[in-house]
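The values are calculated or read from the model by the stated rules, or taken from the named source; none is laboratory data. Keep in mind the model is a prediction, meaning the values are calculated, not measured. Note that we place each Cβ from the backbone using ideal geometry, even for glycine, and neighbour counts take in every protein chain shown.
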Amino acid sequence: MRRLRLSAYAVLAMFVGTASHASCIRLSGDQTIKLPGRPFASVSSSDNCQIFASLVQDRNAGSIAVLSNKNGKFELTRIVQTPMGSGGGLKLSHNGDLLAVAAKQAVILLDAHILANPDAARDPIVAVVPEGAFGALYPQFSKDDSILFVSEERNQSVVVINVANAVQGRTNKAIIGRVPVGQAPVGLALSPDGTKLFSTSQSLGGTGPCRPEQGAETPYAEGAVFVIDTALAIASPERSVIRIEKAGCNPVRVEISSSGQYLWVSARSDGRILAFDADLIARPLIRSALVKTLVVGSSPIGLAISPDGRRLWVANSGRYDYTAGSLTLVEPADPSKAKAVSEIKVGRFPRDISFMPDGNALVISQFGENEIFIKMAETDKTIR
């Protein structure tokens, strides 16, 4: 059955995946779309026509929501239940054909074209790779889309998956191996040339200077960015980490500029974001690649750099002090001149933030509100 599905998928990839699509109408105002679950993360199609959001409905149940652009307004057009696990991070392949979802108990691959069509008769799910209790949390495709990297929050590792084997149903051959990292790995980012993968781990283990976020734990060690050689991650995962750079308390997301010159990391329990020189951080003998630290809001998580590289937006979740969420605008995004210039209020627990591909709008996953908030990127109400 899986092989028959692959045959259909392969034909679709040959004809649909390479087709030219006209972009949908640009948005002209802020929008809020209510959802039947808590959005963990979202990603937009390259033509501005769809937003895919992963939803948490309870600990062991989740789904993918499809929002479609109808004449400049997004509407909920489809819900697809995940067969295992609940919502986690998600990523579109570079060619736009596949959507990868890290659903805690499994890594799920979906045909993005079938998923986007609410009238499609075929199941959009093309592969399920069980993860057990490892806690698959965030995926990242390799530059050629042949490999999928997924952070495993409960296993101190990044799993390396052969996409073709997964889609062909060869589950026993899908996992190439695992890259050992620190405690509670979450965010992943790929260098523009595809040679480096940056992975955040919330702690390096043991005691340290970090204040417990919920008050009852022992102070713990700082987290770090693990720099992974992607070629080695495929050939020999266990020895593919080429550098470990400390990155504050509970670093949870990492974003790299389109130029590949720098990367930003959100240190959640510090209330700060950190910038690193992307070239220096990959050099084993450099003492530190840190070039900038900025204070932002409460429990920053999501990061989004505008397509033109000018602006950085930070989603301050207020996760542990139960404050209202906010977004901090950092301008310019270049660390040498970066300043936090404004902050705007949003709903509860903005967990994820990303730009629409045209840079016209931001998509915010408001986990505490069961909604996606779409904000025009060039309008902000300054509150400080």
Next item on the list: Scan the range 276-285 for residues that are in contact (Cβ under 8 Å) with a residue 60 or more places away in the chain and either among the hydroxyl-bearing types (Ser, Thr, Tyr) or assigned to a loop (DSSP other than H, G, I, E, B) (or both) and report the count.
Entry: 1
Check: Could you give every pair whose Cβ atoms fall below 8 Å, whose first residue belongs to the range 365-376 and is farther than 17 Å from residue 90 by Cα, and whose second residue is assigned to a strand (DSSP E or B) and aromatic (Phe, Trp, Tyr), counting only separations of at least 6 or pairs across chains?
Finding: 374/74
Next item on the list: Could you grab me the full set of residues in the range 271-291 that are among the basic types (Lys, Arg) and surrounded by fewer than 18 Cβ atoms within 10 Å (Cβ to Cβ)?
Entry: 283, 287
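Which one is nearest to residue 96 (Cα to Cα), of the residues in the range 43-84 that are assigned to a strand (DSSP E or B) and charged (D, E, K, R)?
Kept after step one, since they are assigned to a strand (DSSP E or B), are these residues of the range 43-84: 43-44, 50-58, 61-70, 73-81.
After this cut, where a residue has to be charged (D, E, K, R) as well, the list is 58, 70, 73, 75, 78.
Details: 58: 29, 70: 20, 73: 22, 75: 21, 78: 18 Å.
Restricting to residues being assigned to a strand (DSSP E or B) and charged (D, E, K, R), the top hit is 78.
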Next item on the list: Considering each of 217, 222, 245, 255 in turn, give the residue that is among the acidic types (Asp, Glu) and surrounded by fewer than 17 Cβ atoms within 10 Å (Cβ to Cβ).
Entry: 217
Check: Regarding residue 288, is this residue under 24 Å from residue 182 (Cα atoms), part of a helix (DSSP H, G or I) and not aromatic (Phe, Trp, Tyr)?
Finding: no
Next item on the list: Look at residue 269 and say whether it is more than 23 Å from residue 161 (Cα to Cα), out of contact with any Ser or Thr (no Cβ under 9 Å at 6 or more places or on another chain) and among the hydroxyl-bearing types (Ser, Thr, Tyr).
Entry: no
Next item on the list: Select from the range 224-262 the residues that are part of a strand (DSSP E or B) and more than 24 Å from residue 333 (Cβ to Cβ) and list them in ascending order.
Entry: 229, 241, 242, 244
Next item on the list: Would you please name the residue that is surrounded by the fewest Cβ atoms within 10 Å (Cβ to Cβ), looking only at residues in the range 47-82 that are on the phi < 0 side of the Ramachandran plot and of a type in the set (Gly, Ala, Ser)?
Entry: 61
Margin query: residue 57 - would you say it is polar (S, T, N, Q) and at pLDDT 95 or above?
Written below: no
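Mind checking which residues of the range 198-250 are of a type in the set (Lys, Arg) and under 19 Å from residue 276 (Cβ atoms)?
Within the range 198-250, 243, 246 qualify.
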Item checked: Condition met for residue 198 (within 20 Å of residue 54 (Cα to Cα) and surrounded by 15 or more Cβ atoms within 10 Å (Cβ to Cβ)) -> no
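Condition check ((1) part of a strand (DSSP E or B); (2) closer than 24 Å to residue 255 by Cα; (3) touching a residue at least 40 places away in the same chain (Cβ under 8 Å)) across all residues:
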{"site": "95", "(1), (2), (3)": "no, yes, yes"}
{"site": "99", "(1), (2), (3)": "yes, yes, yes"}
{"site": "129", "(1), (2), (3)": "yes, no, yes"}
{"site": "145", "(1), (2), (3)": "no, yes, yes"}
{"site": "148", "(1), (2), (3)": "yes, yes, yes"}
{"site": "159", "(1), (2), (3)": "yes, yes, yes"}
{"site": "178", "(1), (2), (3)": "yes, yes, yes"}
{"site": "187", "(1), (2), (3)": "yes, yes, yes"}
{"site": "198", "(1), (2), (3)": "yes, yes, yes"}
